[in-house]
Every structure is written in structure tokens, then in C-alpha cells.
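A.B. asks: Dropping a structure here in C-alpha cells format, bear with me for questions.
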Amino acid sequence: MVDRATGKIAHHIFRDLPDYLRASDVLVLNDTRVIPARLRGRKGTGGQVEVLLLRPLGAAAPEQRGGRTGPAAVEITRHEIWEALVRPGRRLRTGMPLIFPGNSRAVVGDRTAEGTRAIIFESDRSVLEILREAGEMPLPPYITELLAEAESYQTVYARREGAVAAPTAGLHFTPGLLASTEALGVRVVTLTLHIGLGTFRAVQAEEIRRHRMDPEYFEISAAAAAAINAARRAGGRVVVVGTSAVRALESAVDEDGRVCARCAWTDLFVTPGHRFRATDALVTNFHLPRTTLLILVSAFAGRDLILRAYREAVEARYRFYSFGDAMLLL
């Protein structure tokens, strides 16, 4: 636990979190669910190909095939377009066909401004259906072994498919811990922000404000916004789990501090000097240097205090990154 007002740092087990919460607080969780976004297949000319889908770019009109009349005689082919990282990227020319397990087919599209590729799927099934059948979990590169149980890379409250990385601060929660939190009178609400790989991209610019975030889709329901605003009016705190949920809230709050129901894309990059209008406390993991995540927590708690907390964490041999330990910033 790090107290921003006093600079005090204390060490606890995560199950002690309810000790720092009040009945008037609201706990905000990101209920995004990681999709098995990695597909392995082959090129139409032979040779292996690996595609990591990042986000949908759109869909073309369905194409009807078949010479006979009547709905049973016509095959409907969807054309879904996804942004993706591909390997081997330099050998994939625009228009090249790709074949994935289950005979699912796609075509390589143009390069995007970010250097990724558009992949156009041609199937009578949705891409999410294809991924559920043949996709692999897109684990961070420092996790070199397959997980014995894929659900261990999902939060216990993951509901809405769309992320390519987990909101890892939420991995610490169990159903029992959430139940004990609610038993205190704390309101638990969810929002959705589908996390993309851009969140974890290293900041290369010397001036951090020149760094550009990839847009990520988020949704905040009217019920969630009302619960958050009611807690604030009653003197409670908005305790946010994870930097992704912070970005969603800070993208949907007005100048008076009211969170608005919203479905939108956000490229908000929270840097020092940001005025946090919807976040009073934050649960977050320990992050890599030169990442937007570390910059966000430094903006929230101050660089010097965060660096001191990180030094103590290193001395205490805390674990960092996705399956690492967490801290509560009050």
C-alpha cells in the first residue's frame, strides 16, 4: 500500500485489500475477456504463417454464392477485416491467401500506418468463432511456456470478449475476495476496455507527449456511471482496478467529475500533469520501464514516490509484470 498524502508505504497480502476500503467506496473492474487471438496457418503457396489479431477494422458486405434460389441454397460469406501482426511479415504480399485450421480462409490486406497488416477473413463464421476453435492465447513474450489452464490468464469476472492482453491487476481477485468486499458495503461495478498491444508498447520518444496510443474500445453503462457518481456524491472514493479502467473512466468524465455512460474509442495517454477527475485510488501491478503504464501510475502518485515504492518492491523480491504482485495507491 502506498499513501500518496503521507508517503507511507506498507506491505500486505492482497487478501487484506478490504481493510483499506470503506462502505461508501465503489470498486471499478474491467470485465474485458482475452480472446485467443493468435492463429497459426499456412500461405496459399505453402509455408507457415502466424497471425496475431489486434482489433477489428470493419466488415464488408456479405457475399452470396450458389446458383439455386432459396435461403438453403445460398452460402453467405462474411468478410471481416482485422488489424494484425503477421510473421513472416516481409514475405506476405497484398492479396496472398491464408488458410487456417478448419479450412478458414483469409487474404492479406494492405499495411497500416503503424506497420501492421489488414487481414480480410472470408468465412461463413465470425472471426471470434474461428478463434474459439483454432486460436491460441496471446501470452506476453516473457511467458515462454504454455499455460496449463488458459483461464489463468483471465480475471474471474471476465465477461466481454475483445482484449488481446489481460487487465492483469484484476488477476489477483477471487470470487471470495469480491464477496468479502461487497459484504463491507462496497459497491462493485464493471466497465469494459478491450486492451490492445499498444498499451504495452515502449515509449521511444524523448518527449513522452509525442508518443501516440493505439485506440482502444471501451464501454461504460448507464448503471455503472450512476453507481460511480452516487458514491462520489455520498463522499465515497472511486477505487479503480487497473490502468485500463482508469483510462476508460478518465475518457468519460466531464469537467465537474461526473462519469458519463459512453461507448467509444480512446487514445488517451495519461502523463504527468493530468488532472484525475474520476480516480481516487488505484490497484495496479508493477510495470516495465518506459511504458505508458508506468507513466500513468507516476502521474497518479508522483514519480519520486513511485520510484521509492519500486525500490522497496525490488528489495522485498516482489514479482513484476503480468503474474506479479500488486500495489494499492491511496
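A.B. asks: Could you pull out the residue among Arg38, Arg87 that is charged (D, E, K, R) and at pLDDT below 90?
C.D. replies: Arg87
A.B. asks: Of all residues in the stretch 257-296, which are within 16 Å of Val203 (Cβ to Cβ), modelled with pLDDT of 95 or more and among the basic types (Lys, Arg)?
C.D. replies: none
A.B. asks: Inside the stretch 287-330, can you point out the residues that are aromatic (Phe, Trp, Tyr) and under 20 Å from Leu27 (Cα atoms)? I'd like the intermediate steps shown before the answer.
C.D. replies: First, pick out the residues of the stretch 287-330 that are aromatic (Phe, Trp, Tyr): 300, 310, 318, 320-321, 323.
Within the stretch 287-330, Phe300 is the sole residue that qualifies.
A.B. asks: Which ones in the stretch 151-198 are assigned to a helix (DSSP H, G or I) and within 15 Å of the chain's Cα centre (by Cα)?
C.D. replies: The answer is Tyr153, Thr168, Ala169, Gly170, Leu171, Leu197, Gly198.
A.B. asks: Oh, and also: Scan Ala230, Ala222, Ala299, Ala226 and give me the residue that is at pLDDT 95 or above, touching a Gly at 6+ places or on another chain (Cβ under 8 Å), over 22 Å from Thr155 (Cβ atoms) and of a type in the set (A, V, I, L, M).
C.D. replies: Among Ala230, Ala222, Ala299, Ala226, only Ala299 is at pLDDT 95 or above, touching a Gly at 6+ places or on another chain (Cβ under 8 Å), over 22 Å from Thr155 (Cβ atoms) and of a type in the set (A, V, I, L, M).
A.B. asks: Next up: If you go through the stretch 208-219 one residue at a time, do you hit one that is without any contact (Cβ under 8 Å) to a residue 40 or more places away in the chain, under 19 Å from Ala301 (Cα atoms) and of a type in the set (D, E, K, R)?
C.D. replies: Within the stretch 208-219 (the criterion being without any contact (Cβ under 8 Å) to a residue 40 or more places away in the chain, under 19 Å from Ala301 (Cα atoms) and of a type in the set (D, E, K, R)), the answer is no, since none of the residues qualifies.
A.B. asks: Is one or more of the residues making up the stretch 202-218 assigned to a strand (DSSP E or B), modelled with pLDDT of 95 or more, not assigned by TED's automatic domain parsing to the domain that holds Ala84 and not hydroxyl-bearing (Ser, Thr, Tyr)?
C.D. replies: The answer is yes; a qualifying residue exists.
A.B. asks: In the stretch 109-129, which residues are assigned to a strand (DSSP E or B) and either in contact (Cβ under 8 Å) with a residue 40 or more places away in the chain or farther than 20 Å from Pro36 by Cα (or both)?
C.D. replies: Matches in the stretch 109-129: Gly109, Asp110, Arg111, Ala118, Ile119, Ile120, Phe121, Glu122, Ser123.
A.B. asks: Next up: Evaluate the stretch 279-301: report whether one residue or more is of a type in the set (D, E, K, R), in contact with a Pro (Cβ under 8 Å, 6 or more places away or on another chain) and surrounded by fewer than 16 Cβ atoms within 10 Å (Cβ to Cβ).
C.D. replies: Keep residues of the stretch 279-301 that are of a type in the set (D, E, K, R), which gives 280, 290.
Checking the rest, the ones that are also in contact with a Pro (Cβ under 8 Å, 6 or more places away or on another chain) come to none.
No.
The values are calculated or read from the model by the stated rules, or taken from the named source; none is laboratory data. The shown structure was predicted, so the numbers you read here are calculated from the model rather than taken from an experiment. Neighbour counts run over all protein chains shown; Cβ positions are idealised from the backbone, glycine included.
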